């Protein structure tokens, strides 16, 4: 595989996806410290929001240490070169949140839906695409759940609403490199040549780096990851590792490899409440195809109702739950506990 | 059986047709008009077969004769974007508008919570909030009538097949209107609404989670009793409104897990989200009809 000379854009998720393992408690000060280091290392894009995107603050997903507005305002004004993005899930956040984030100084908005439901993003992508200079991205989650052709149909819907970049998102960390290659290659072939194409991986089967390289080889030019993998489940594609691999392969990211390693080791790992790794439950997410941010919810319900978190996660996969259904977890745990005769 | 009040349904889609099937059984409402915009729509054809007058020219097609046809109640099952115009036109003709869109021009009505109050206000336009609002606001109210609720949050999960193009294009209106109803009708100081669309096959039955944060320690027995009593009220018009789990108490959090199965009149049973909307709309219209028949309320033209 010769990818030497290929230029890609990496996008760090520590300050958004990383909010999941931190239960949304990253402080404004920590965000600013990490963001400055990313800027200094040459990371071109970082995402900053509640883990579930703008407006995610809730009983269902967790109340954060500060508001999206506070995080975004504090980070955006400190950035010299790094661009800041925000995530928005229609059904959770609204166009009002989008305008707020733009006022805070974001350069990119990423509108995310479940892989079969792109049409709920029309309102938000439409509005975003009319805002001058705003990079508008459509983001299809749980992309392993449908075949490549169906996925491309949905990506093209987002493109038709005005997205100038679309993402294939392996929210469950379920995909293997061949799945990524099939989906990315078909998307690259069918989308407009000027539409950018991204891949967002999770490391639940430890395939984050391999999948991201497969995505680049098949035509993706934006790759999400997070330093030290700080993200939901077993984390995102560990970005410092991916950058080092790109460096070896001659893929140009523009990021200083050693500085990336230092951010991971010196800033991110010390922030972790628990080391983000492929533990039994995170592995189950990848194995059973379950939304990565369900991890801590399943662990908590398992502890509360004396159940196996793996059993809960497997059942959530069997029921084909989608991102956002965190409320299902306690409900299911209660059913399972009743069946087991423990409540 | 005595007198019935004549009604028109605007919007012959899935919701309008399901409403028609329910209204045909009503002791108080007699559907006489179905209004659409597409001449060969199956919904108009079905309404015609059932003996209703139909038009494909929108509300304008019914306006010239609606007074002489005796229409006093209209249901709008179209979209938030066209609702205001529809409402203005039928109000001018002296008919009350029951709004099933999330336009929310008129006061909210969630029958199990504020039906008498809403109808007693004699508004010429009453809004049915949203499907998620109909399914969850009764539970917020069940908690808030026991003790103060500082924050009410709902998560409505609906099957992909039951989320029509209107809901999809209007998803922000859903979250805003529902949140507003959680506070104004549900009685929470602050409201938040989340909607999740799930494409699983076979389609999942509508699920709703209601989280309330109480100001003081929750009175567990009183809240549990209130929740069960409120469920019985909703079941009078939506028999498939069921408590799955809870109330769960965790410090000041009260969580209630519900499932809403529809009657399966025209819409499939899993689409409890749509069924609860049509059932609530009809229930509201029936109370208006009772008031009109008893002479307590005389709908009057709002024309200048």
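No value in this document is a laboratory result; all are computed from the given coordinates. Predicted model only: the values in this text are computed from it and were never measured. Neighbour counts are summed over all protein chains in view; Cβ atoms, including those assigned to glycine, are modelled from backbone coordinates with ideal geometry.
Taking every DSSP beta bridge that has both residues in chain B, what percent is antiparallel when rounded to the nearest 5?
Taking every DSSP beta bridge within chain B, about 45 percent pair in antiparallel fashion.
What percent do you get for the relative contact order of the stretch B:102-150 when only Cα pairs under 8 Å and 6+ apart count?
40
I'd like the distance between the alpha-carbon centres of the stretch A:195-211 and the stretch A:102-152, rounded to an integer number of Å.
17
Between the stretch B:135-152 and the stretch A:159-177, what's the alpha-carbon centroid distance in Å?
Result: 39 Å between the Cα centres.
Calculate the tail of P(r) for the stretch B:123-275: the fraction of all Cα-Cα distances greater than 29 Å, expressed in %.
The share of Cα pairs beyond 29 Å in the stretch B:123-275 comes to 13 percent.
Considering chain B as a Gaussian network with a 10 Å cut-off on Cα pairs, which listed residue, B:40, B:172, B:219, attains the greatest mean-square fluctuation?
Maximum fluctuation in the GNM of chain B, among the listed residues, is at B:40.
When chain B is modelled as a GNM with alpha-carbon springs shorter than 10 Å, which of B:83, B:228, B:211 fluctuates the most?
B:228
Nearest 0.05, what FRET efficiency do residue B:45 and residue A:129 give at R0 = 35 Å with Cβ-Cβ as r?
Calculated transfer efficiency: 0.35.
Only bridges with both residues in the stretch B:131-270 count here: give the DSSP antiparallel percent, nearest 5.
Values: 23 of 32 bridges.
Antiparallel bridges make up about 70 percent of those DSSP assigns within the stretch B:131-270.
Modelled label-to-label distance, residue A:153 and residue B:189, 7 Å Cα→beta-carbon offset: nm?
Distance between label points: 4.9 nm.
Using Cα centres only, tell me the gap between the stretch B:241-286 and the stretch A:1-74 in whole Å.
37
What ranking do A:145, A:272 get, fewest neighbouring Cβ atoms within 10 angstrom at the top?
A:272, A:145
Using the number of other C-beta atoms within 10 angstrom as an exposure proxy, rank A:165, B:212 with the fewest first.
Ascending Cβ contact count within 10 Å gives the list A:165, B:212.
Using helices alone, what [θ] at 222 nm do you get for chain A, with -39,500 (n - 2.57) per DSSP H run of 4 or more residues, divided over all residues and rounded to the nearest 500?
Roughly -12500 deg cm²/dmol at 222 nm, from the helical runs in chain A.
Between A:21, A:238, A:177, which gets the highest mean-square fluctuation from a Gaussian network model of chain A, Cα cutoff 10 Å?
A:177
What is the mean number of Cβ atoms from other protein chains located within 10 Å of the Cβ atom of each residue in peptide A:309-320, rounded to a whole number?
Going residue by residue through A:309-320 and averaging, the value is 1.
Compute the Rg/Rh shape ratio of the protein assembly as shown: radius of gyration over Kirkwood radius, all on alpha-carbon atoms.
Ratio of gyration radius to Kirkwood radius: 1.01.
Residues of the stretch B:127-159 with backbone nitrogen within less than 13 Å of a virtual label 7 Å along the Cα-to-Cβ line of residue B:217, please, listed as ranges.
So the set is empty, nothing qualifies.
Please give the average number of partner chain Cβ atoms lying within 10 Å of the Cβ of each residue in B:196-207, rounded to a whole number.
Neighbouring Cβ atoms belonging to other protein chains average 5 per residue here.
Tell me, what is the percent relative contact order of chain B, built from C-alpha pairs under 8 Å that lie six or more residues apart?
Working: 703 pairs, mean separation 59.5, N = 304.
Averaging sequence separation for qualifying contacts and normalising by length gives 20 percent for chain B.
Sorted by average packing, counted as other Cβ atoms within 10 angstrom per residue and highest first, what order do A:273-284, B:160-171 take? Don't skip to the end; give the middle numbers.
Values: A:273-284: 17.1, B:160-171: 19.8.
Descending packing order for the listed peptides: B:160-171, A:273-284.
When the helix-only estimate is applied to chain B (DSSP H runs of n ≥ 4, each -39,500 (n - 2.57), divided by the residue count), what is the mean residue ellipticity at 222 nm, nearest 500 deg cm²/dmol?
-12000 deg cm²/dmol
Can you order the peptides A:68-76, A:81-89 by their average number of other Cβ atoms within 10 Å per residue, highest first?
My ranking of the peptides, most packed first, is A:81-89, A:68-76.
Can you give the relative contact order of the stretch A:1-155 as a percent, counting alpha carbon pairs under 8 Å and 6+ residues apart?
19
Sort A:246, B:74 so the one with the fewest other Cβ atoms within 10 Å of its own Cβ comes first. List each step's numbers first, then the result.
Details: A:246 24, B:74 27.
Ascending Cβ contact count within 10 Å gives the list A:246, B:74.
Count, for each residue of B:170-176, the Cβ atoms from other chains sitting within 10 Å of its Cβ, then give me the mean as a whole number. Mind showing how you got there, number by number?
On the way: counts 2, 13, 12, 2, 4, 7, 3.
That works out to 6 on average.
Percent of alpha carbon pairs in chain A separated by more than 39 Å?
On the way: 4066 of 58653 pairs.
Tail of the P(r) past 39 Å holds 7 percent of the pairs.
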